[in-house]
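Asker: Sharing a structure, written as structure tokens. Questions coming.
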Amino acid sequence: MEYADIVFAGGYELSLKKKQRHDNVHFFGCGVEYDHFARAQDPNTVVLPISTSWPLPSSAGFGVVDERVDYAMVGEIARAKPDWSIAMVGPVVKVDPNLLPHAPNLFWLGGRDYQVLPNYCKAFDVK
């Protein structure tokens, strides 16, 4: 950072810490590639079979499963909506997978190929 003209941070808290050491730090938050994920609305996009035994409606979260996820909230949603299927789609990094909340209706799907994420997205009622 000592030699950088500009610094980008992918997390808000990280950007605050780096601003203490550099005067040109910018928060570069998460986002999505709209055109890619809009394919989920295309009638020709094939819904990938995830599970025919899951109760409906279903909801999903997409993204890296790391320390930024509010695991207590995810677990509470699953407990509050036992007639729903709750799925999390994304690789688990920087957290112990054994510490993720578990419920009969909560599914940790892991990472999936980026090209087919819209197909998964189309499968869920709430995204």
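The values are calculated or read from the model by the stated rules, or taken from the named source; none is laboratory data. Here the structure is a predicted model, which is why all the values come from computation and not from measurement. Accessible surface areas use protein heavy atoms only, side chains included; no ligands, DNA or RNA. Shrake-Rupley method; radii C 1.70, N 1.55, O 1.52, S 1.80 Å.
Asker: Pick from His102, His22, His36 the residue whose mean-square fluctuation is largest in a GNM of the chain, springs joining Cα atoms under 10 Å.
Answerer: Greatest mean-square fluctuation among the candidates belongs to His22.
Asker: When the accessible area of the chain is computed with all protein chains present and a 1.4 Å probe, what percentage of it is carbon and sulfur?
Answerer: Details: 4880 of 8600 Å².
On the chain, the fraction of accessible area on carbon and sulfur atoms equals 57 percent.
Asker: On a full-extension model of 0.36 nm per residue, what is the gain between Tyr3 and Asn24, subtracting their alpha-carbon distance, rounded to one decimal in nm?
Answerer: Between Tyr3 and Asn24, full extension yields an extra 6.4 nm.
Asker: Further, regarding this structure: How far is helix 71-80 tilted, in degrees, relative to the longest principal axis of the Cα atoms in the chain, given as a value from 0 to 90 rounded to the nearest 10?
Answerer: Tilt relative to the chain: about 20 degrees.
Asker: Would you calculate a helix-derived [θ] at 222 nm for the chain, using -39,500 (n - 2.57) for each DSSP H run of n ≥ 4 and dividing by the full residue count, to the nearest 500?
Answerer: -6000 deg cm²/dmol
Asker: Considering only Val25, Val93, Val47, give the residue with the highest GNM mean-square fluctuation for the chain, with springs between Cα atoms whenever their separation is below 10 Å.
Answerer: Val25
Asker: Cα centroids of the stretch 1-47 and the stretch 49-127: how far apart, whole angstrom?
Answerer: Spelled out, the Cα-based centre of one part sits 22 Å from the other.
Asker: Continuing with the same structure: What does the accessible area per residue of the chain come to in Å², with a 1.4 Å probe and no ligands, DNA or RNA counted? Mind showing how you got there, number by number?
Answerer: Working: 8600 Å² over 127 residues.
Using a 1.4 Å probe on heavy atoms only, each residue of the chain averages 68 Å².
Asker: Over the heavy atoms of Arg39, what accessible area does a 1.4 Å probe trace out, to the nearest 10 Å²?
Answerer: Its heavy atoms expose roughly 90 Å² to the probe.
Asker: Determine the shape class of the chain: with a ≥ b ≥ c the square roots of the Cα gyration tensor eigenvalues, call it rounded for a/c under 1.5, and otherwise prolate if a/b is greater than b/c, oblate otherwise.
Answerer: oblate
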